[in-house]
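Here is the structure we will look at, set down as structure tokens.
The values are calculated or read from the model by the stated rules, or taken from the named source; none is laboratory data. None of the values given here were measured: they were computed from a predicted structure. Every residue, glycine as well, gets a Cβ built from its backbone with ideal geometry; the counts of neighbours run over all protein chains shown. Ligands, DNA and RNA are excluded from the accessible area calculation, which covers all protein heavy atoms including side chains. Shrake-Rupley method; radii C 1.70, N 1.55, O 1.52, S 1.80 Å.
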Amino acid sequence: MPKRVLLGLLLACGLTAPALAQEPKTGGVINAVIQPEPPGLMLAQVQNGPTQMVSGNIFEGLLRYSPKLEPLPELAESWSVSEDAKTYTFKLKKGVTWHDGKPFTAADVLFSMEMLKQTHARARTNLAQVDKIETPDDYTVVFTLKQPFGPFLGIFEVGSMPMVPKHLYEGTDWKTNPYNNAPVGTGPFMFKEWQKGSFIRLVKNPNYHEKGKPYIDEIYWQIIPDAAARSVAYETGKVDVLPGGSVENFDVPRLSKLKDTCVTGAGWEFFSPLAWLWLNNRQGPLADKRVRQAIMYAIDRDFAKDVIWNGLGKVATGPSASTIKFYTDDVPKYPYNPAKAKALLKEAGYKGEKIRLLPLAYGETWQRWGEAVKQNLQDVGMNIETIATDVAGGNQKIGDWDYDIAFTYLYQYGDPALGVGRNYISSNIAKGQVFNNVEGYSNPEIDKLFADGATATPDSKRKEIYDKAQKILVEDVPVAWMLELQFPTITRCKVKNLITTGIGVNDGFKDAWLDK
Amino acid sequence: MLSFVAQRIVKGVIVLLAIVVLNFFLIRLAPGDPAIVMAGEAGASDQVFVKQLREKFGLDKPLPEQLFIYVKGVATLDLGFSFRQQAPVAKLIGERLPATLLLTLTAFAISLALGILFGTFAARFAGTFLDTGITVFALIFYAMPIFWVALMGILLFSVTMDWLPSFGYETVGANLTGLAHAVDVAKHLIMPAMTLGLFFMATYTRMTRASMLEVKRLDFVKTARAKGLSDAVIQRRHVLRNALLPVVTLAGVHSGTLIGGAVITETVFAWPGIGRLMYDALLQRDYNLLLGVFVICSAMVLIFNLITDLVYRLVDPRIEYAT
């Protein structure tokens, strides 16, 4: 092979010279920030963000996902799919042990599925596609689906499908099992200590199944509730890693300029957080599509990206983030155009009726964004009243449909069947719950497209279906899509290889090492 | 005196019970459902999940039954179970109580000692430059929000001078023991305790100053002077002692609220205490935990009120225990 071609291939693979030259070094301690303090670490039972960030080191799933969302082996070393796309066979890695030394086998996988069906809402929804699970031997698991389910290979990362030790949970009351507070997994790090309100300490698993890993000896997750104090903790060298969202956005540029500081927006491809405004389609002016479209034209989303989010993220084009499967930008566009917004409002007969706006109580950045949107909407003649509430109060109002416009952001989990359709299909309109179709949008064509999209094969067929769904939704504007969020991870540059997959810091630190 | 204490304890228990019942309903009046908060954090909110959580919290039961279960628990010293934190409430509070007591008692001691000292000086030298200086100094710390003083302290003493740690109770990972550990904790304690203490100091300074100036004008002080007592003796034995009654009252009120009163300080300095536990419980609508903290705080207020009444007697022998 000519040298030029070889070099081109290496560059295409992202293998730059320094990366090739640097061999991972072992040893050292990483101090990272975790916020808020997780309520528990038993990932099969508690699924909030901080829990996964810490427990992603303790537990593992069958698969991981690359930044392009291709499946990678973890506890499963290989997998195959039958021709009818209904049978998935996973071959488990041999020689894997739990932190207490017991072997990890197919029986654990089977038990985990049973537990997750009861304790993990997302897993339950995904496993509803499964007709039966068989374990022909200790290292083979066969899932037979009721019908083809396109994203099935995308539901096995550690947060969505963590493996649970059968020998410690079978026959016990799962909710009060003592191992909930001292979790035992197969992951690269073992739970050691949790001083509530202060820190969580994980130590290296010396028997980890990937030889030579992990490279780090210990991780301290420091619990610092105030955002400014988290910034100072980094600035004064007390912590080395600020995972995405740890500090206020306006502090990111300042911290990024500190000596030996590296910043990356990578590692959110699987979750692909997308921010939008819920628009209550049921009542008042927002029931009119033209008013909803006017809102899209009225809001300066580039301003939000450039000023409020310091240039991080991307203006959303529709219901799918550009990082997930089957995204298309071939949809109607809504550039910032206050004149057009005013014209649409006039055409819809809007007469200054009061519209309630609920900002998101997630800190200063979100408050500022709420103010900017309010100003944008007032500029085109809308009568906006901001309703102040905390997160719990806001969720209640949204769940009770007692709002007109409300900020939110949700994860998309890599595939429209997992994280997009749920917000637009009419079977997900259920009062009292948040994060489903709280806007009350109902369109039989969209219902059918999302139902077909989940089960269609091959992927080209799915793409066709989702392209159509995206076009219809963007035309109808059931919600006002704002930004594909990017939560920058700030680290000391000596921390290498922290983010290697599309799940980022939520996927554990097994590849990370310290260049001392 | 014993019957006085016994009566106060009985009354205290009744008040505590009333507080428990009132808080039970007040918390539920706040919008926000713990099951939905937890479902939201899990990134999923299907009906089965929310129903499961409600059953787990006991929120599916009628309100009177929930109240009965809770009051019965409190009566047997069982503060319930925090489902969000997956631990008994008493254990969670017990874990955080020492840190809060250390912080608030230190702050209390600082504020009381400095407040009385500065107040005495200000009264002794009333109308002078020293008086004005003390008053301005005290008012600055009283007028500035605690979080601002805290952040400025961090900026100055941690970021710029690198003298003191900016957060936490101890150096994580240092595994210090004995004296070294005590010194480490003390270093971490200085900034939060001073921040909280300087705020309360201002009120004691003002109160002591005003009270002393008032007492100074009374006849018995003139008599003391006529007897030929030295100024120092008059100030200490006659003026200060009589002027302290309102300060003791104020200290009694403050001390009762110390446990729950350090929310902001604990948050900014990542001090692992009760204040933060309460704040998090409020945001997460962790009913049992929040109620548990309220019960402990209320009990502390009652206990400290009783102690205040007893201290009155020591400070001013004219006061008798009314039964």
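Using every pair of alpha-carbon atoms in the range A:152-194, split the distances into 10 Å bins beginning at 0 and state the percent of pairs per bin, rounded to integers. For the range A:152-194, the binned pair fractions read 24, 47, 27, 3 percent.
A compact globular protein would have a Cα radius of gyration near 2.2 N^0.38 Å; the ratio found for the range A:160-238 is 1.37. Protection proxy ranking of B:117-127, B:199-209, by the mean of other Cβ atoms within 10 Å over each peptide's residues and highest first, is B:199-209, B:117-127. Between B:Phe118, B:Thr76, B:Ile140, the Cα set farthest toward the positive side of the dipole of the range B:18-164 (charges on each charged residue's Cβ, about the Cα centre) is that of B:Thr76.
Toward the positive end of the charge dipole of the protein assembly as shown, with +1 on the Cβ of Lys and Arg and -1 on the Cβ of Asp and Glu, the farthest Cα among A:Gly95, A:Gly49, A:Phe199 is that of A:Phe199.
Only Lys, Arg, Asp and Glu carry charge here, each on its Cβ (+1 for the first two, -1 for the last two); on that basis the range A:310-362 has a dipole of about 220 debye about its Cα centre.
Rolling a 1.4 Å probe over the protein heavy atoms gives the range B:53-121 an accessible area of 47 Å² per residue. Take each residue in B:20-28, count the other chain C-beta atoms within 10 Å of its C-beta, and the mean is 0.
Taken about its Cα centre, the range A:18-120 carries a charge dipole of about 100 debye when Lys and Arg each add +1 at the Cβ and Asp and Glu each add -1 at the Cβ. Each residue was assigned an accessible area with a 1.4 Å probe, and for A:Val96 the value is about 0 Å². The ellipsoid equivalent to the alpha-carbon distribution of the range A:308-407 has semi-axes of 23, 22, 14 angstrom, derived from the gyration tensor eigenvalues as √(5λ) and listed largest first.
Counting, for every residue in B:55-61, the Cβ atoms of other protein chains within 10 Å of its Cβ and taking the mean gives 0. Per the Kirkwood formula applied to alpha carbons, the range B:127-278 shows a radius of gyration over Rh ratio, Rg over Rh, of 1.11. Averaging 1/r across all pairs of distinct Cα atoms in the protein assembly as shown and inverting the result yields a Kirkwood radius of 29.9 Å. Residue-normalised convex hull volume from the C-alpha trace of the range A:50-128: 131 Å³ per residue.
Our helix-only sum for chain A, with -39,500 (n - 2.57) per DSSP H run of n ≥ 4 divided by its residues, gives a mean residue ellipticity at 222 nm of -8000 deg cm²/dmol.
Which number comes out as Rg/Rh for the range A:24-67 once both Rg and the Kirkwood Rh are worked out on C-alpha atoms?
1.03
Bridging of A:Lys397 to aspartates and glutamates at a Cα separation below 16 Å is possible for A:Glu385, A:Glu439, B:Asp33, once same-chain residues fewer than 8 apart are set aside.
On the principal axes of its alpha-carbon atoms, the range B:199-322 has extents of 65, 35, 18 Å, going from largest to smallest.
The range A:14-155: D in µm²/s via Stokes-Einstein (Kirkwood Rh, Cα pairs, 20 °C, 1.002 mPa s)? Reported coefficient: 124 µm²/s. Given their separation in residues at 0.36 nm each and the Cα-Cα distance between them, B:Ala18 and B:Leu97 gain 26.1 nm when the chain is fully extended.
From the residues B:Phe24, A:Gly318, A:Ile34, which one has its Cα farthest along the dipole of the protein assembly as shown in the positive direction, the dipole being from +1 and -1 charges on Cβ of Lys/Arg and Asp/Glu about the Cα centre? Result: B:Phe24.
Taking Cα centre as origin and charging only the Cβ of basic (Lys, Arg, +1) and acidic (Asp, Glu, -1) residues, the dipole magnitude of the range B:75-217 rounds to 440 debye. Scaled against 2.2 N^0.38 Å for its residue count N, the alpha carbon radius of gyration of the range A:100-180 is 1.11.
Can you bin chain B into rounded, prolate or oblate? Criterion: square roots of the alpha carbon gyration tensor eigenvalues sorted a ≥ b ≥ c, rounded for a/c under 1.5, prolate for a/b above b/c, oblate for the rest. Taking the square roots of the gyration eigenvalues as a ≥ b ≥ c, chain B is oblate.
Please compute one quarter of the surface area of the Cα convex hull for the range A:368-475 and express it in square nanometres.
8.0 nm²
When the P(r) is computed for the range B:22-108, the part past 17 Å accounts for 61% of the Cα-Cα pairs. For the range B:150-230, the Kirkwood hydrodynamic radius from C-alpha pairs, put into Stokes-Einstein at 4 °C and a viscosity of 1.567 mPa s, yields a diffusion coefficient of 80 µm² per second. For the chain pair A and B, the interface hides roughly 3800 square angstrom of accessible area in total, found with a 1.4 Å probe.
The translational diffusion coefficient of the range B:116-163, from Stokes-Einstein at 10 °C and 1.306 mPa s with a Kirkwood hydrodynamic radius over alpha carbon pairs, comes to 130 µm²/s. Loop-located GluC sites (Glu not before Pro) in the range A:17-84 (DSSP state not H, G, I, E or B) with no more than 15 neighbouring Cβ atoms inside 10 Å: A:Glu83.
Calculated on the alpha-carbon coordinates, the convex hull of the range A:241-300 measures out at 139 cubic angstrom per residue.
Over the Cα atoms of the range A:128-281, the radius of gyration divided by the Kirkwood radius equals 1.03; this is the Rg/Rh ratio.
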